[in-house]
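Worksheet: one structure, shown below.
FYI, it's all coordinate maths here, none of it is from the lab. Everything numeric in this text was worked out from a predicted model, so none of it was measured. Neighbour counts run over all protein chains shown; Cβ positions are idealised from the backbone, glycine included.
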Amino acid sequence: MTKIKLDDHLIGHDCQPFIIAEAGINHNGEIENALKMIDVAKDAGADAIKFQTFEASGIVVDASLTFTYKSQGKEVTESMFEMYKRCEFSKTEWIKIKQKCDETEILFLSTPENRSDLDLLLELGIPAIKVGSDDFTNIPLLKDYSSTGLPLIISCGMANLNEIHQTLKAIGSLEKYPTVLMLTTSEYPTVPTNVNLLKLKTLEKHFPKIPLGYSDHTQGILASSLAVTFGAKVFEKHFTLDKNMSGPDHWFSEDPDGLKNWVDSIRTATIMLGSEEVKATEKEEE
């Protein structure tokens, strides 16, 4: 398996898990919320915090589109454009977020919506490019991203094995381009019957050189702990300052305590794997 370097972190076989706290848009477009989330992610023991960088006009081309979601215990329908517009940050605000990450000593990551968004992130300074499942088969975009030479962390929700092979081949991941392939289910939250962690075994068999990860959309900590035992090396999960905040993702995201429990469970599961050597432990020999 290829080892990938992100700042001071190594990803690959025999490496410690790399854990990403996914802020997404749970800051609700408020810079103070984003800065608080950086502290929460650091306190939880995450290695990185990830946001989403976009302009609403680059996501929603039809202003009449609406979006229905669960928020604060009820169903809400609103303009999709206005929802995304509310969660935009200016360049000045992104600079503050990046500076806060640097000061807090946690890696800054963000998913760009397009090349223009990526250019802003490149200017800020990022160690890797995180790509969501919705762009997994967008080969021209991924080739453009790979032209930067930065490692790609790519989620493959909704993709079948043939599509995964085509994408990885197109961007050079099957040869040497540094890539982490993230198993995920594009269902929020993901119910246990749709998790299918055995897919990690299939992906490892077909792509043995590529480090695997798990983007966890389930509720709770069990799925990621199990993913450790199937070889996942990178982990990602949504979190929020408060599940009762208004917005589409808060209710199924982990609160600060839940985030820390999730991080701790991954670290502990990694320790519990231990050694393959069959012999008595030191305690057993006492």
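Given a cut-off of 20 Å, name the pairs among 50/91; 85/237; 70/91; 36/100 whose C-alpha atoms lie farther apart than that in the structure shown. Long pairs (Cα-Cα over 20 Å): 85/237; 70/91. For a straight C-alpha distance cut-off of 20 angstrom, the lysines reachable from residue 209 (same-chain residues fewer than eight places away being disregarded) are 3, 5, 130, 143, 169, 176, 199, 201, 233. When only alpha carbons are used to place a centre, segment 113-184 and segment 11-34 end up 17 Å from one another. Charged side chains reduced to their Cβ positions (Lys and Arg at +1, Asp and Glu at -1) give the chain a dipole of some 680 debye around its Cα centre.
Dividing the summed helix terms, -39500 (n - 2.57) for each DSSP H run of n ≥ 4, by the number of residues in the chain produces a 222 nm estimate of -10500 deg cm²/dmol to the nearest 500. The calculated FRET efficiency for residue 191 paired with residue 72, based on their beta-carbon distance and R0 = 25 Å, is about 0.70. Whole Å is fine, so just give me how far the alpha carbon centre of segment 245-286 lies from that of segment 39-81. If we compute the Cα centre of each part, the gap is 27 Å. Let me know the shape class of segment 4-273, please: from the alpha-carbon gyration tensor, a ≥ b ≥ c as square roots of the eigenvalues, rounded when a/c is under 1.5, otherwise prolate if a/b is greater than b/c, or oblate. Rounded shape, in that the Cα axes give a/c under 1.5.
Per-residue Cβ neighbour counts within 10 Å put 15, 156, 87 in the sequence 15, 87, 156, beginning with the fewest.
Ordered by the count of other Cβ atoms within 10 Å of each Cβ, fewest first, 55, 282 give 282, 55. With a 10 Å cut-off between alpha carbons and a GNM built on the chain, which of 152, 183, 35 moves the most? Per the Cα network of the chain with a 10 Å cutoff, 35 tops the list.
If you model segment 1-153 as an ellipsoid using its alpha carbon gyration tensor, with each semi-axis the square root of five times an eigenvalue, the axes come out at 27, 20, 15 Å, biggest first. Globularity index of segment 1-78 is 1.51 (Cα radius of gyration / 2.2 N^0.38 Å, N = number of residues). The angle between the Cα long axis of helix 91-104 and the longest principal axis of the Cα atoms of the chain comes to about 30 degrees, rounded to the nearest 10. Put in order of Cβ neighbour count within 10 Å, fewest first, the listed residues 188, 84 become 188, 84. Of the residues 244, 138, 162, the one that moves most in a GNM of the chain with alpha-carbon contacts below 10 Å is 162. The long axis of helix 115-124 is offset from the longest Cα principal axis of the chain by roughly 70 degrees.
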